[in-house]
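*Asks:* After the structure tokens below, expect a handful of questions from me.
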Amino acid sequence: MSLNPCSDAILVEFVPPDQLLAISQLSKNPETSSITASQAARYRATYGRTEEILALAPDIVVADRFLPAPTRRALEKAGIAVFTVDIASTVEDSLAQVRALADLARRTEEGDALADTVAEAWQQGGTEQEEPIVTLLWQEGGIVPGPDSLAAALLEHSGFSLHSATRGLAQGDYLPLEQVLADPPQLILSAGAARALHHPALDALVGTAREELDKRLLYCAGPVIPRALARLREIREGLK
């Protein structure tokens, strides 16, 4: 059983519903899911409550480090192993996570195939563009990614440089509209529906392109990486 939407995204690629007893309820919500609706429909989902997990009696639960301590203790007392996954901040971390989850599910061959697909997309998704496009990745709530995040790595690999990082902003820092207007980048990538990200005042910026990036491409790594790279490549080609 998986309680984490990012482990969901990996496991549904190679573990059938009769083995993966449930995924996270977040993966059933189109606004928060990193998998397709058809993939999500194949699996039951839980909210991660202790009673839900115990009722399905899995051998192993895949969870993140935010799993409540009482839930963890209850599962361990019931003889259910807990496998903890963390946020993948690099492609290498993501590939290792794919292989670890595949080994856990005894689907090593399928996991290796998925990891190879992600690695190949990464190798083909790079650019030799001389001058990177200075880009503000502006996310829901007006926040920006940190320079050591996977989002930053995807951008840099695709021919973009992180506008916010050169301004000293870190992971999750808030960037107000006024500051964007006063110090605009070459490109604004809006990844969210917040009003500031689409404010009419941005139309007055000269020399700043604006594009949309589906926020669901930024939630998880694994099989999401090729999709994110493809969209970034599409944006870069369009700017030419």
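The values are calculated or read from the model by the stated rules, or taken from the named source; none is laboratory data. In this text, all values refer to a predicted model and were calculated from it rather than measured experimentally. Cβ: placed from backbone, ideal geometry, glycine included. Neighbour counts: every protein chain shown. Only protein heavy atoms, including side chains, enter the accessible area calculation; ligands, DNA and RNA are left aside. Shrake-Rupley method; radii C 1.70, N 1.55, O 1.52, S 1.80 Å.
*Asks:* Scan Gly168, Gly172, Gly159 and give me the residue that is open to solvent by less than 50 Å² (accessible area, probe 1.4 Å) and without any contact (Cβ under 8 Å) to a residue 60 or more places away in the chain.
*Replies:* Details: Gly168 fails: open to solvent by less than 50 Å² (accessible area, probe 1.4 Å); Gly159 fails: without any contact (Cβ under 8 Å) to a residue 60 or more places away in the chain.
Just a single option satisfies the conditions, and that option is Gly172.
*Asks:* Also, quick follow-up: When segment 93-111 is examined, which residues are found to be in contact with a helix residue (DSSP H, G or I) (Cβ under 7 Å, 6 or more places away or on another chain) and not in a helix (DSSP H, G or I)?
*Replies:* Passing the criteria: only Ala105.
*Asks:* Which residues, taken from segment 127-145, are over 15 Å from Glu234 (Cβ atoms) and open to solvent by 10 Å² or more (accessible area, probe 1.4 Å)? Working first, answer last.
*Replies:* Kept after step one, since they are over 15 Å from Glu234 (Cβ atoms), are these residues of segment 127-145: 128, 130-132, 134, 136-145.
Matches in segment 127-145: Glu128, Glu130, Glu131, Pro132, Val134, Gln139, Glu140, Gly141, Ile143.
So that you can scan it fast, the table gives a plain yes or no per residue for (1) in contact with a Cys (Cβ under 7 Å, 6 or more places away or on another chain); (2) under 20 Å from Leu155 (Cα atoms); (3) open to solvent by 20 Å² or more (accessible area, probe 1.4 Å); (4) part of a loop (DSSP other than H, G, I, E, B):
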site: Glu178; (1), (2), (3), (4): no, no, yes, no
site: Ser190; (1), (2), (3), (4): no, yes, no, no
site: Leu197; (1), (2), (3), (4): no, yes, no, no
site: Pro226; (1), (2), (3), (4): no, yes, yes, no
site: Leu229; (1), (2), (3), (4): no, yes, no, no
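*Asks:* Within segment 28-42, how many residues are touching a helix residue (DSSP H, G or I) at 6+ places or on another chain (Cβ under 9 Å), surrounded by fewer than 19 Cβ atoms within 10 Å (Cβ to Cβ) and small (Gly, Ala, Ser)?
*Replies:* Residues that pass the stated criteria total 2.
*Asks:* Determine whether segment 19-27 contains at least one residue that is over 22 Å from Asp103 (Cα atoms) and open to solvent by 10 Å² or more (accessible area, probe 1.4 Å).
*Replies:* yes
*Asks:* Could you tell me whether Glu211 is charged (D, E, K, R), farther than 22 Å from Leu95 by Cβ, part of a strand (DSSP E or B) and open to solvent by 50 Å² or more (accessible area, probe 1.4 Å)? Even if it seems obvious, please write down each step before you answer.
*Replies:* Numbers: charged (D, E, K, R): yes; farther than 22 Å from Leu95 by Cβ: yes; part of a strand (DSSP E or B): yes; open to solvent by 50 Å² or more (accessible area, probe 1.4 Å): yes.
Taking the combined requirement at face value, the residue satisfies it.
*Asks:* Same structure again: Check Asp116, Asp148 and return the single one that is in a helix (DSSP H, G or I) and acidic (Asp, Glu).
*Replies:* Numbers: Asp148 fails: in a helix (DSSP H, G or I).
Testing whether each residue is in a helix (DSSP H, G or I) and acidic (Asp, Glu) leaves just Asp116.
*Asks:* Right, here's the next one. In segment 77-92, which residues are open to solvent by 40 Å² or more (accessible area, probe 1.4 Å) and either modelled with pLDDT under 95 or not in a helix (DSSP H, G or I) (or both)? If you could, list the steps in order and put the result at the bottom.
*Replies:* Here is the first cut: in segment 77-92, the residues open to solvent by 40 Å² or more (accessible area, probe 1.4 Å) are 77-79, 81, 83-84, 86-87, 89-90, 92.
Listed by number, the residues that qualify are Ala78, Gly79, Ala81, Phe83, Thr84, Asp86, Ile87, Ser89, Thr90.
*Asks:* Can I ask one more? Does at least one position in segment 96-110 carry a residue that is surrounded by 13 or more Cβ atoms within 10 Å (Cβ to Cβ), in contact with a Pro (Cβ under 6 Å, 6 or more places away or on another chain), in contact (Cβ under 8 Å) with a residue 12 or more places away in the chain and polar (S, T, N, Q)? Steps first, please.
*Replies:* Of segment 96-110, the ones surrounded by 13 or more Cβ atoms within 10 Å (Cβ to Cβ) are 96-102, 104-105, 107-108, 110.
Right, trim to in contact with a Pro (Cβ under 6 Å, 6 or more places away or on another chain) and you get none.
So far as segment 96-110 goes, no, none of its residues is surrounded by 13 or more Cβ atoms within 10 Å (Cβ to Cβ), in contact with a Pro (Cβ under 6 Å, 6 or more places away or on another chain), in contact (Cβ under 8 Å) with a residue 12 or more places away in the chain and polar (S, T, N, Q).
*Asks:* Would you say Gly141 is of a type in the set (Gly, Ala, Ser), out of contact with any helix residue (DSSP H, G or I) (no Cβ under 7 Å at 6 or more places or on another chain) and in contact (Cβ under 8 Å) with a residue 12 or more places away in the chain?
*Replies:* Working: of a type in the set (Gly, Ala, Ser): yes; out of contact with any helix residue (DSSP H, G or I) (no Cβ under 7 Å at 6 or more places or on another chain): yes; in contact (Cβ under 8 Å) with a residue 12 or more places away in the chain: yes.
Yes; evaluated as a whole, the condition is true for this residue.
*Asks:* Just the residues that are open to solvent by less than 20 Å² (accessible area, probe 1.4 Å) and under 24 Å from Thr84 (Cα atoms), please, taken from segment 115-126.
*Replies:* Scanning segment 115-126 gives Ala115, Val118.
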